[in-house]
1. Mind ordering 75-82, 20-27 by average Cβ neighbours within 10 Å, highest first?
2. Whenever you get a sec, compute what percent of the accessible area on the range 6-45 sits on carbon and sulfur atoms (1.4 Å probe).
3. Determine the gain in length on full extension of the stretch ALA31-ASP90; use 0.36 nm per residue of separation and subtract their C-alpha separation, reporting nm with one decimal.
4. What's the extension gain from PHE20 to ASP106 if we count 0.36 nm per residue and subtract their Cα-Cα distance?
5. Provide the gained length on full extension for the span SER71 to MET51, in nm with one decimal, where the gain is 0.36 nm per separating residue minus the Cα-Cα distance.
6. Using +1 at the C-beta of Lys and Arg and -1 at the C-beta of Asp and Glu, which of PHE35, GLY50, MET21 has the Cα lying farthest in the positive direction of the dipole of the range 1-95?
Amino acid sequence: MTGDYTLFLFVAAAFALLWFMSSRSRKQQRAAMEFRDNLQAGDEVMTSSGMYGTVTDVEGDVITLESTPGSSTRWLRAAIARKVEPVVVDDATDDEVGPKDADVDDVQVPDDLSSLPPEPPAAPRDDEPGSKPQDPGTK
């Protein structure tokens, strides 16, 4: 008789664990759905594929994102993963030179390789085939 009750307790505990685990995932799904339902123009978002953009239009299940000025793409509402905070640009001017920057000389970087002097040819190494000196008596 006691064996019947222990089996019932194990089954009840298993169902309780499954219910608790599924309620957590349901809560996360509800929060994500609420977030997606409240999207509006001007929100900075990231899609599930990792693309960042600004919401420009919301039409039912279709969200229009602008990733760069003038470049708009249309996404399903379910593809929007999260809202991101807009990037804050530091308004530091070029007049502010720190002590580290004061000692650095200006380096001239060429636009292409044509303005660089040619490199001298490399001397052949001894371990390369055909670079070993031949014996004068052998051909």
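1. 75-82, 20-27
2. Here carbon and sulfur together make up 67 percent of the probe-accessible area.
3. Length difference between fully extended and current span is 17.9 nm.
4. Result for the pair: 24.6 nm of gain on full extension.
5. 5.9 nm
6. It is MET21, whose Cα lies furthest towards the positive end.
The values are calculated or read from the model by the stated rules, or taken from the named source; none is laboratory data. Computed from a prediction, not measured in an experiment: that's the story for all the values here. Note that each Cβ is placed from the backbone with ideal geometry, even for glycine, and that neighbours are counted across all protein chains shown. With ligands, DNA and RNA removed, areas are computed over all heavy atoms of the protein, side chains included. Shrake-Rupley method; radii C 1.70, N 1.55, O 1.52, S 1.80 Å.
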